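K.L.:
Can you keep this structure in mind? I'll have questions shortly.
The numbers here are math on the coordinates, done by the rules we state, and not lab data. Bear in mind the structure is a predicted one, so any value in this text is a computation, not a measurement. Neighbour counts are summed over all protein chains in view; Cβ atoms, including those assigned to glycine, are modelled from backbone coordinates with ideal geometry.
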Amino acid sequence: MGEREKKTVGRALRRGVALGLVLVGGWGLSLTADLGGLGERLSQLGQEPALAVALLESRLGALPGQEALTGWGRLLVDSSPLLSAGEDQVRALRLRCTEEENQSGEGDLMEQDGEDEEQPQLTPSGQGEGIVEMTGKGKEGSKYLREGEVYVYNRTSFDLDASVLREGTVDVDLGEGPQILIVHSHGSEAYSQNDGDAYEESDPYRTTDCTHNVVKVGEEMATVFRAHGFQVIHDTTLFDYPSYNEAYDRSKAAVEQWLEKYPTIQVVLDVHRDALEGSNGEIYKMVSTEAGEKVAQVMLVIGSSGGGADFPRWKDNLAFAVFLQRSLVRGYTSLARPIVLRNSRYNQQLLPGSILVEVGGHGNTLTEAIAGARLWADNVARTLLTLKEEG
């Protein structure tokens, strides 16, 4: 039995025992007590938030973010005015603690996922422990490198300081002809169906229906770039289906073919979505509120030669990502998560204008992802136009 399964069984046993104690206690009290008086006393106790919170946590454990209780947990809480009084506060406390842990570096979400070359094992849709909203931001210390308001999280094997953010050259010469290529090494990646956006899964949070996965997000980006006058090629091939393994090898072959056919391409965007789950089974959705609208955050991922593979110009790719990020952090409250620098190359060795773009996570809805992607593409398009005019 895995660690997560053990925790799930433990919670189930604890809640079952708690429910049994409450039911037996209620039966005994019904034989000996004045229930009207009992209800009044419980109601009075319910006005003591600290007591209610303590009791609720001791019976149920910390609540998973903003997800409502169901099953016997719901029955247990509803049976007691005291426990009901503390439910909202436990939920708020749980969410606040999660946010504080993320800000302090403990259980940092930036360390959670791997190099994105093996398929993550996600909990099937509808069976998670709840969805928790998070807003990824940079901070001082830990593995963060900073230039102004631009943060880069160093996940490479290199010991780097902030000077690396200024060592590369932005080598993106935008001329006539197709300039931007959008691909999806993991095109079947999909989002939460909590907003009613139903789709048939090929795997948990994955679908071959390109109106519901990241291919749809890429098409929204392409539409925005085209509206700004750029010529865009959007390759909608699902390189991760039916086999996830070697998806980057297949997308690499496609990018090479596109670059050979259209040497004018200067920017390659490999668009994905992230996957973030907590140790208790909660699913994180990365959100920002921009102009009153809740949208998915966007994260840029840059590869390096840290894994041993030849990648002599990775600092130029990093310089390009930092260049784009400067405009993003000026233009939006928190649309952009910190850039992540990793050991793997992600085919970025093919062109110094290559970037991997993560739009939200599997806890986000497709609506949030599209909204975030469109804002991101609009800002990037304006930044590229400035670069084109200066060039």
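K.L.:
Taking K and R as +1 and D and E as -1, what net charge do the other residues with C-beta under 12 Å from the C-beta of L328 add up to?
P.N.:
Once all neighbours under 12 Å are counted, the net charge is +1.
K.L.:
How high is the FRET efficiency from D195 to K388, r the C-beta distance, R0 45 Å, rounded to 0.05?
P.N.:
Using R0 = 45 Å, I get an efficiency of 0.75.
K.L.:
If I stretch the segment between K261 and S243 completely, what's the gain in nm (0.36 nm per residue apart, minus their alpha carbon distance), one decimal?
P.N.:
3.8 nm
K.L.:
Tell me, what ³J(HN,Hα) does each residue in the range 175-190 have, in order and in whole Hz, if you take phi through Karplus 6.51 cos²θ - 1.76 cosθ + 1.60 with θ = phi - 60° and put x for Gly and Pro?
P.N.:
Each residue's phi maps through the Karplus curve to give x, 8, x, x, 10, 10, 10, 10, 10, 9, 4, 10, x, 7, 4, 10 Hz.
K.L.:
Also: For the range 337-353, what does the Karplus curve 6.51 cos²θ - 1.76 cosθ + 1.60, with θ = phi - 60°, yield as ³J(HN,Hα) per residue in whole Hz, taken in order and with x for Gly and Pro?
P.N.:
Whole-Hz 3J(HN,Hα) from phi for the range 337-353: 6, x, 5, 10, 10, 10, 6, 5, 8, 6, 6, 6, 5, 6, 7, x, x.
K.L.:
Between R146 and Q231, what's the calculated FRET efficiency when r is the beta-carbon distance and R0 is 30 Å? Round to 0.05.
P.N.:
The value I calculate is 0.30.
K.L.:
Report, to two decimal places, the Cα Rg of the range 131-390 normalised by 2.2 N^0.38 Å (N = number of residues).
P.N.:
This ratio for the range 131-390 stands at 0.94.
K.L.:
Right, next: Ranked highest first by average number of other Cβ atoms within 10 Å, how do 296-306, 233-243 line up?
P.N.:
Result, highest mean Cβ count within 10 Å first: 296-306, 233-243.
K.L.:
Follow-up question, since we're still on this one. If amide hydrogens are placed 1.01 Å from N in the peptide plane, which non-local residues have theirs closer than 5 Å to the one on H272?
P.N.:
V357, E358, V359
K.L.:
Cross-link partners among lysines for K216, C-alpha distance below 25 Å, same-chain residues fewer than 8 apart left out?
P.N.:
K252, K261, K285, K294
K.L.:
Could I ask something else about it? Could you pull out every residue, at least 5 positions away or on a different chain, whose amide H is within less than 5 Å of the one on G278? Hs are placed 1.01 Å off N in the peptide plane, and Pro or chain starts have none.
P.N.:
I283, Y284
K.L.:
Can you tally the net charge around A254? Count Lys and Arg as +1, Asp and Glu as -1, for every other residue whose Cβ sits under 14 Å from the Cβ of A254.
P.N.:
-4
K.L.:
Just to confirm a number: summing +1 for Lys and Arg and -1 for Asp and Glu over residues other than F311 whose beta-carbon lies under 12 angstrom from that of F311, what do you get?
P.N.:
Net of charged neighbours comes to +2.
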